[in-house]
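Every read-out reported here was derived from the displayed coordinates using simple, explicitly stated rules and does not represent laboratory data. As the structure is a computational prediction, the values presented were derived from the model and not from experiment. Glycine gets a Cβ as well: all are built from the backbone with ideal geometry, and neighbour counts include every protein chain shown.
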Amino acid sequence: MKTFRLFAIIAILGTTVLSSCSKKNDDVNPDPSASGTVGFKVKVDGKDYAPDYAYALATFPGKEGYYAVYGMDSKTSDIVAIALPSAVNEGTVPINATNFAMMTLNKQDFSTINGGSGSVTITKKTASNIAGTFSFTAVDATGKLTRTLTEGSFNVNVR
């Protein structure tokens, strides 16, 4: 039930963001590893996922004291998000049930809350920008299906 609520919040947030924002140059760039550019990318089960929106929210909905880094594909509604405590600093932290990650792919939900693990390395964190790399394995609510995300990187503006 907890996972369902979490994904419901993400779905509502995604719909709100997509309907209220127009795409701007600072929303995404396909290569966040390029010096100073904004973006989000990752491989999902070995296939490239480069969303057309990428950003960080200073306040994660329904989870006080957290913020989230998002990559969202407005054409498919697929989303990858990493939620971290607001107090996290530069360095490497685990992704697990506390510092969690989630994704919706082809209308299927996966999360590290359901199992799985990984890590995120924050290389830069300011009041207006956060950058880093990540990888994790997420599990669906049944515990039977997994997705492996590798070679993830982000350089996003904080909203």
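For the modelled label position 7 Å from the Cα of residue 119 along Cα-to-Cβ, which residues of segment 129-155 have backbone nitrogen atoms closer than 17 Å? Once the point is set 7 Å along Cα→Cβ of residue 119, 132-138, 149-154 turn out to lie under 17 Å by backbone N, inside segment 129-155. When only the Cβ of Lys, Arg, Asp and Glu is charged (+1, +1, -1, -1), the dipole of segment 71-139 relative to its Cα centre reaches about 100 debye. Note that segment 104-119 has calculated 3J(HN,Hα) couplings of 10, 9, 6, 6, 10, 9, 9, 7, 7, 5, 7, x, x, 6, x, 8 Hz, one per residue in order, obtained from phi through the Karplus relation 6.51 cos²θ - 1.76 cosθ + 1.60 (θ = phi - 60°); glycine and proline are x. The length gained on full extension between residue 107 and residue 158, counted as 0.36 nm times the residue separation minus their Cα-Cα distance, comes to 15.7 nm. What does the net charge come to around residue 130 if you take all other residues with beta carbon closer than 13 Å to its beta carbon, with K and R at +1 and D and E at -1? Its environment carries a net charge of +2. Extending 7 Å from the Cα toward the beta-carbon at both residue 144 and residue 92 defines two label points whose distance is 3.5 nm.
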